[in-house]
Amino acid sequence: MFQIVRKQEMAKGTIIRFDISAPKIAAKIKAGQFIILRVNETGERIPLTVADKDEFSGIITIIFQVVGKTTALLRSLHDGDTIKDVAGPLGKPAEVQKLGTVIMVGGGTGIAILHSIAKAFKEAGNFVIGIIGAKEKELLIMESEMKAICDELVVTTDDGSYGQLGFVTQPLQKYLEERYDIKMVYAIGPIIMMKNVCGLTKKFDIPTMVSLNPVMIDGTGMCGGCRVKVDNKMKFCCVDGPDFDGHKVDFDELEKRNALYLKDEKISLLFSIK
Amino acid sequence: MADQDVKYLKFKTYLNAYCPYCHESFNVEKKEVKQLNFKAVYKGQEVSVKLSPYLDVFEIETSVPINEGEVLDDLVCPHCNKSLINRDMVCGECGNTVAQVIISALSRLIPFFICLKRGCEWHGLTKADERRIKLKIPRQDMPEQDKTMRIHNHQEVPYGYRSELASLEAGRCLQCKTPGCVEGCPVNVDIPSFIKLMREDDYDGAAKKIKEKNVLPAICGRVCPQENQCEAKCVLGLKDKPVAIGKLERFVADYERKMDLVRIPVIKNKINKRIAVVGSGPGGLTVAADMAQFGYAVTVFEASHELGGVLTYGIPEFRLPKSIVQFEISYLKELGVRFELNHVIGNILTIDELLVHFDAVYIGVGAGLPLFMDIEGESLGNVFSSNEYLTRMNLMKAYKFPEYDTPMPKGNKVVVIGGGNVAMDSARTAIRTGSTEVTVIYRRSRNELPARMEEVHHAEEEGVRFRLLVSPVRYIGTDYNMVKSVECIRMELGEPDASGRRRPVPIENSNFIIECDLAVVAIGTGPNPIIFRTAPNLKRNKWGYIEVDPETNETSIPNVYAGGDIVTGSATVIQAMGAGRIAANAMHKKLKGK
């Protein structure tokens, strides 16, 4: 049993932040790695990337968007409630090196994961440029945290209610055109955003890493449900990822695979309401 | 006629034989020698014939050598000199003349025929008696759930023996002096002794006898491939079917559990040393139990949220009820074994870190990385690895969706690729989800099917169809990226390959299409890379499995042992347990010496 120490609602209650007491995981987890949790006995196992950790007090932070049955169930939990199972750390940590200037692109809930990787890159001595985006001002999360980490930060919103109007790709393009010292781009967010970022950076031939989020069950390489096509080879996201070279990922296939269970999700939600 | 009216003459029953005319006995007993004495006529010459008095034992001594296949002219009572030949009967096997004697058995006198041809081992009863008396106890089948009913539920298929059936089956055992069955068992259960205890109606004692060597009898009785192990070595199997050792094992284990006779042994000599076991599958549980019984403090680490490894996520409920797995594990808990769930070793703790806190480590993580064929369309919706399919159904209990949150993969027409036990489990699970058509595709022929015959038989009974000598080429999807059909190619068997099986070769231009809306790929598994990332000095072979010393199962890192699928590649539950046993004994020997 893992206790929720603190719960915080963000972005009009659609994005939730939990601080969970899990000392062993907190001691080991690195930026980019994820955990698998199961809320209760009848629950499903879902993967969530860890946004932050505190080894000293044994706390890991997860930030997730409410999209289906399990995340809705998680939202109904409060401070002091417990989660039945948390397994981790899983996946490979992000490969953090001193490269020079790197751009961190994040969209929606992806900013939560991006922030821990950005932090690691900053600590490694890189010049970090952040570009984060959301649909509207209310849905933007972790702006202040990103501001503290990044040397430069650009915010975009789809409707122009805050920061620049438009998508994250626009300021990214501007940076890529203006600066010649960019060594790497990290993009984490909705699949469509990562796909577009990769399309753009490919033109400029800049290495791009993305963090994928396919459907998973066990998270330890056992089921093969999270298979993704990278460089035309089958990879298991849970053991070979979750971070991959964005130029080699087959995003179309990932998008299709992630849409497979939408109908079941509806049945499950309706059942729980009854 | 009701079952209970049938009486059995057990194998090797001592027969008292009498002349039908003068009623004198043919039996002669001199010290050690027990015989039936007759006179016979052979080529006009009078000879004496001595037969063994035991049913189904064919030792013949004659005063004149008689060649195999030759027929005696007459068999005569040595007391009244009357011919015993019965002209109304002929041998049921070779059609030669037979002699008739009277035997006393089952508290009555019964006419009994013996064939006069040397080498023919036929003997029989009159038609009227045959209906009520069987000369041998046949191998007893377990009653099982009717096939039309069981495809609609996930309950266990065989019900297990009743005590009458169990005692009949136990009666078939010959109690060999040098038992082959014990050799055939990877953990060397003392099979004749436990069957002997069963014959004395001491089922509890029999269960304790098995537990001396095997801590998980209820599981092994159900899922071991006995036909390749203990039962393959049974002497009875030469002429008849072997003793149903697995079914007897299951019976006594179930008896012990249901009658609440399980007792936790008191461990007297506690040893102040700690053992870490990675993986709570059958091998890990065996090591844990053995080491706990030696007196060590044992901690088992499990990556999943449920204990049991393949017993829990892999083998379906209808073949191995999860309550039984949990019960067997609770026995270990009471032995003092500690279990840590949600611990992915290699990530949360490395092998090196374990060695700091523990005196020895056992790696029994299995081979859990599913293999795919790497053909077009494998990433379509509703194409699953058998691991994913079975994990969803068993571990996550998707068959109870939406009560449980994990969605149930369901299809009308299901195709399962592969011919092993996992393929059978997947196919039979699919039948139970209401699929109308389940087809198993296997690239070799029926003779090469690696699955247990019992499983193939059960699957066929339940309506699973087999397409043999067929291999998939690609999956074809709908506009919504769900699998629609699978294109296959026919195969033929060519020369034998390294494994000794004939290699399947595709027949060109023989492609055809099987429609399906769900496909399960059950073609095997490989080693999982997680544990090796943080233990680069763990030596592995060319297939990526851990290399061990076969005597001790110790790896290239001192005090780190390994066994089961992570050493051998996919194998059976009991083989993993056997490997665990070897490692536990070696560990104990090494640690005790320090």
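The values are calculated or read from the model by the stated rules, or taken from the named source; none is laboratory data. Remember, predicted model here, so these are calculated numbers, not experimental data. Glycine also receives a Cβ, built like all others from the backbone with ideal geometry; neighbour counts cover every protein chain displayed. What goes into the accessible areas is simple: the full protein's heavy atoms, side chains included, and nothing from ligands, DNA or RNA. Shrake-Rupley method; radii C 1.70, N 1.55, O 1.52, S 1.80 Å.
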Test item: A:76-85 mean partner chain Cβ contacts at 10 Å: 1
With the solvent-accessible surface defined on protein heavy atoms using a 1.4 Å probe, which residues belonging to the stretch A:26-69 display a reduction of at least 50 Å² in accessible area in the multichain context relative to the isolated chain? A:K28, A:T42, A:E44, A:R45
Provide the per residue accessible area, probe 1.4 Å, for the stretch A:8-119, rounded to a whole number of square angstrom. 34
Once the other residues with Cβ under 11 Å from the Cβ of B:G44 are scored (Lys, Arg +1; Asp, Glu -1), what is the net sum? -2
Calculated from backbone phi, Karplus (6.51, -1.76, 1.60) coupling profile of the stretch B:452-460 in Hz, x at Gly/Pro: 5, 4, 4, 5, 4, 4, 4, 4, 5
Using the Karplus equation 6.51 cos²θ - 1.76 cosθ + 1.60 (θ = phi - 60°), what ³J(HN,Hα) coupling, rounded to whole Hz, does each residue of the stretch B:8-15 give in order, writing x for Gly and Pro? 10, 9, 5, 3, 6, 5, 7, 9
Mind listing the lone cysteines of chain A, meaning no other Cys beta-carbon sits under 4.7 Å from theirs? A:C150, A:C198, A:C223, A:C238
List the lysines whose Cα lies under 27 Å from the Cα of B:K589, skipping any in the same chain that are fewer than 8 positions away. B:K208, B:K209, B:K211, B:K213, B:K268, B:K270, B:K273, B:K333, B:K539
Computed over the stretch A:41-128, the convex hull of the Cα set has an average projected area, in nm², of 7.0
Where in the stretch A:222-252 does accessible area fall by at least 30 Å² between the isolated chain and the complete protein assembly, at a 1.4 Å probe radius? A:M222, A:C223, A:R227, A:M234, A:F236, A:V239
Which residues does the label zone of B:H152 cover in the stretch B:428-471, counting backbone N under 14 Å from a point 7 Å along Cα→Cβ? B:432-435
Counting only DSSP loop positions in the stretch B:56-149, the trypsin sites (Lys or Arg not before Pro) whose Cβ has at most 15 other Cβ atoms within 10 Å are B:K82, B:R131, B:R132
For a test of the definition: using alpha carbon positions, the gyration tensor, and the 1.5 limit on a/c, classify chain B as rounded, prolate or oblate. prolate
Whole-Å distance, taken between Cα centres, linking the stretch A:55-81 and the stretch B:388-444: 32
By the C-alpha gyration tensor axes a ≥ b ≥ c (rounded if a/c is under 1.5, else prolate when a/b exceeds b/c, else oblate), the shape of the stretch A:212-269 is oblate
Quick one: net charge around A:E55, please, counting Lys, Arg +1 and Asp, Glu -1 for every other residue with C-beta under 13 Å from its C-beta. +2
Under 22 Å Cα to Cα from A:K28, which lysines show up? Leave out anything in the same chain fewer than 8 places away. A:K53, A:K84, A:K92, A:K98, A:K119, A:K122
Within the stretch B:540-583: Cβ-based charge dipole about Cα centre, in debye rounded to nearest 20 (Lys, Arg +1; Asp, Glu -1): 120
I'd like the interface area for chains B and A: accessible area of each alone minus the complex, both sides summed, 1.4 Å probe, protein heavy atoms only. What is it in Å² to the nearest 100? 3700
Solvent-accessible ranking of B:R162, B:R172, largest area first, probe 1.4 Å: B:R162, B:R172
Probe 1.4 Å, all protein chains present, accessible-area order of B:I523, A:I191, largest first: B:I523, A:I191
What percent of all Cα-Cα pairs in the protein assembly as shown falls in each 10 Å bin, counting up from 0? 2, 11, 18, 20, 17, 13, 8, 5, 3, 2, 1, 0, 0
Label-to-label distance, nm, for residues given as A:E95 and B:N16 (7 Å Cα→Cβ offset): 8.8
Distance between the C-alpha centers of the stretch B:68-84 and the stretch A:195-274? Whole Å please. 85
So how strong a dipole does the protein assembly as shown carry about its Cα centre when Lys and Arg Cβ are +1 and Asp and Glu Cβ are -1, to the nearest 20 debye? 1320
What FRET efficiency do you get for B:N67 and B:N447 if R0 is 30 Å and r is their Cβ-Cβ distance, rounded to the nearest 0.05? 0.20
Of B:A398, B:M291, B:P179, which is farthest on the positive side of the dipole of the protein assembly as shown, counting Cα position, with +1 on Lys and Arg Cβ, -1 on Asp and Glu Cβ, and the Cα centre as origin? B:P179
With label points built 7 Å along Cα→Cβ from the Cα atoms of B:W543 and A:Q8, find their separation and express it in nm. 5.1
Express the accessible area of chain B per residue in Å², computed with a 1.4 Å probe while the remaining protein chains stay in the model. 44
Per-residue accessible area for B:E61 at 1.4 Å probe radius, Å² rounded to 10? 100
Name the most mobile residue of A:A259, A:A22, A:A112, meaning the one with the largest mean-square fluctuation, in a Gaussian network model of chain A with Cα contacts below 10 Å. A:A259
Over the stretch B:103-260, with every protein chain in place, what whole percent of the accessible area is carbon and sulfur at 1.4 Å, could you tell me? 51
Which ³J(HN,Hα) values, rounded to whole Hz and listed in residue order, are derived for the stretch A:116-121 from phi using the Karplus coefficients 6.51, -1.76 and 1.60 in 6.51 cos²θ - 1.76 cosθ + 1.60 with θ = phi - 60°, glycine and proline given as x? 6, 6, 4, 4, 4, 5
Note down the magnitude of the dipole of the stretch A:68-179 about its Cα centre, charges +1 on Lys and Arg C-beta and -1 on Asp and Glu C-beta and zero elsewhere, to the nearest 20 debye. 260
Given H placed on each backbone N at 1.01 Å, which residues far from A:Q164 in sequence or on other chains put an amide H within less than 5 Å of it? A:V155, A:T156, A:T157
For the stretch B:137-239 the chymotrypsin sites (Phe, Trp or Tyr not before Pro) that pass both the DSSP coil test and the at-most-12 other-Cβ-within-10 Å test are B:Y159
In the stretch B:342-413, the trypsin sites (Lys or Arg not before Pro) that sit in a DSSP loop and have at most 12 other Cβ atoms within 10 Å of their own Cβ are none
Rounded to a whole number of µm²/s, how large is the Stokes-Einstein D of the stretch B:47-153 at 20 °C and 1.002 mPa s, given Rh as the Kirkwood radius over C-alpha pairs? 131
Does the stretch B:428-516 come out rounded, prolate or oblate, given a ≥ b ≥ c as the square roots of the eigenvalues of its C-alpha gyration tensor, rounded meaning a/c under 1.5 and, failing that, prolate meaning a/b above b/c? oblate
Suppose R0 equals 25 Å. What FRET efficiency, 1/(1 + (r/R0)^6) with r the Cβ-Cβ distance, do A:K137 and A:I192 give to the nearest 0.05? 0.75
Please name whichever of B:L332, B:I345, B:H357 sits farthest to the positive end of the charge dipole of the stretch B:242-374, dipole taken about the Cα centre and charges placed at Cβ: Lys and Arg +1, Asp and Glu -1. B:L332
Can you send over the solvent-accessible area of B:E183, 1.4 Å probe, protein chains only, in Å² to the nearest 10? 130
Shielded residues, the stretch B:360-382 - accessible-area loss of 30 Å² or more between chain alone and all protein chains, probe 1.4 Å: B:L369, B:P370, B:F372, B:S379
Leaving out ligands, DNA and RNA but keeping every protein chain, what accessible area does B:T148 have, in Å² rounded to the nearest 10, with a 1.4 Å probe? 90
As I understand it, the dipole of chain B uses +1 on the Cβ of Lys and Arg and -1 on the Cβ of Asp and Glu, about the Cα centre. Which of B:P321, B:M424, B:S52 lies farthest toward its positive end? B:S52
Would you grab the residues whose amide H sits under 5 Å from the one on A:I59? Only those 5+ places off in sequence or on another chain, please, with H modelled 1.01 Å from N. A:A22, A:D54
If DNA, RNA and ligands are ignored and the probe is 1.4 Å, what is the ranking of A:I103, A:I46 by accessible area, most exposed first? A:I46, A:I103
Amide H within-cut-off set for A:G241, under 5 Å, with H built and near neighbours excluded: A:K92
